[in-house]
Amino acid sequence: MTTEFEWIAAGDSVLAGGARLIELGFGRMPVRDAAGAFIGMLTLRDVVRVVTRGDDPARVSAGDVADSGISAVDVNESLEQALARLAAAGGGRLPVVEGPKLVGVISKAEVDTYRRALAEIGPDAERLVEDISPDDQMHELGLPSYLWTGVAALQPIRLALAAAGRDSVGNLLDFGSGHGRVLRALKAAFPDARLTACDLDPDAVDFCARTFGASPVYSNVDPARIRIDDRFDLIWSGSLFTHIDAPRWPGFLERLASLLAPGGVLVFTTAGRGVAAEMREGAGEHVFTPSGRSVAAEMREGEYRGLTADLARGLLQDFDRTGFGYRDYPGQTGYGHSRAAPSWVCGQVEGTSGIELLGYTERGWNGRQDTVACIRRE
Ligand SMILES: C[S@@+](CC[C@H](N)C(=O)[O-])C[C@H]1O[C@@H](n2cnc3c(N)ncnc32)[C@H](O)[C@@H]1O
């Protein structure tokens, strides 16, 4: 289920609720009271009904007309029960309740995503740890999307290992692990591997150590100063290069290359032509950011994934001109958004000592970020 969702307050007018439905493009939305209890669902049909019976929708409360007969999913119900309720309701999203309280919404797509995640891991799926840190910034789009994005990293990783001719991984490093969105999938898929989690955020590293049994490494903004003695069969770095400027890439690549054991494989992700495309005029209507709004809506409102729309446009212009674009987040130095073309990224790998390019897949991670696989031959 998704625990971050849009709802309408019972005291809001039907007019305001209807406007919200139209703005978000939803057919129905849950209505809750001030104590957080689920009251019912407001649909556009409810709004029309109020108007056609001659009442003023600005003066009728959403809570008074919301359909309370709609079947809500109890948090403790099985996925099968939830699917049966969704089918009976004719699809869309259903509210999830814990006692009287509205705690989330669920859709068939979310259940399917969750099942796909378990199927991707295979027989070790029951090992997938589902404890998620409340401080995990990557969790904003809800559990199924979070789990699937983590598990989807296994596809480019397995591809890279196959290209390297490796059938086992003894120890692996998640560099820029965050709170373990991908590390949990790696732990399930490689149950015998020793895990190391390295991040700048000590809370994230501690969480990974506690939750997944990973060796903790507190990172440094200067990769040359990171203290790791181990050498790894596999290094995964997801969505880190997507946030750093061009002059810093060689330092990170050199350091990661130096941490590979002979025959070791590095897989890192970049924001390439696919991600850049969502920022273009007329695109991004159906790409949702952690804010819950579409990229196109953010760009129209003057903001894009934490950048101002002007900064985002400047980044895109540089990307189109040179194959690389970057802008700091406002108020931060050295951390922001980068967009890098495949040819530019491959040039960086070629310039790194000790590694060779194994493969480059556009949109290789969950259909969005590009994945780059490299090997250390000796
Ligand atoms: C967008 S998050 C991705 C987190 C995780 N890989 C995931 O996909 O959920 C980028 C992560 O890189 C970390 N990071 C930034 N600079 C770093 C550095 N110098 N060394 C290690 N991690 C760093 C950040 O703290 C953050 O957790």
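Things to note:
- Over the chain, Cα pairs under 8 Å with separation of 6+ residues give a relative contact order of 12 percent.
- Alpha carbon centroid spacing (whole Å) that separates region 90-108 from region 114-174: 26 Å
- Per residue, the chain reaches -10000 deg cm²/dmol at 222 nm when only DSSP H runs of four or more residues are counted, each adding -39500 (n - 2.57).
- Placing dummy labels 7 Å off each Cα toward the beta-carbon, the span from A283 to S68 is 4.9 nm.
- Axis of helix 202-212 versus longest Cα principal axis of the chain: the two differ by about 90°, to the nearest ten degrees.
- Helix 154-164 axis versus longest C-alpha principal axis of the chain: approximately 20°, rounded to the nearest ten.
- Neighbourhood charge, 14 Å Cβ-Cβ cut-off, centred on L86 and excluding it, Lys, Arg +1 and Asp, Glu -1: 0
- Cα gyration tensor, the chain - rounded (a/c under 1.5), prolate or oblate: prolate
- Here the peptides 319-325, 270-276 are ranked by packing, the mean other Cβ count within 10 Å, and the order with the highest first is 270-276, 319-325.
- For region 274-337: relative contact order, % (alpha-carbon pairs under 8 angstrom, 6 or more apart): 19 percent
- Between 0 and 90°, nearest 10: helix 143-152 axis offset from the chain longest Cα axis: 30 degrees
- Alpha carbon centroid spacing (whole Å) that separates region 219-280 from region 340-378: 10 Å
- Couplings for region 298-315, taken from phi via the Karplus curve 6.51 cos²θ - 1.76 cosθ + 1.60 with θ = phi - 60°, read 4, 4, 4, 7, x, 9, 9, 6, x, 9, 6, 4, 5, 4, 4, 5, x, 4 Hz in order; Gly and Pro are left as x.
- Overall form of region 274-337 per C-alpha gyration tensor (a/c, 1.5; a/b vs b/c): oblate
- Cα gyration tensor category, rounded, prolate or oblate, for region 1-44 with a/c compared to 1.5: oblate
Each reported figure results from applying straightforward, stated rules to the coordinates on display, with no laboratory input. Predicted, not measured: the structure shown is a model, and the values here were computed from it. With ideal geometry, Cβ positions are generated from the backbone for all residues, glycine too; neighbour counts draw on all protein chains shown.
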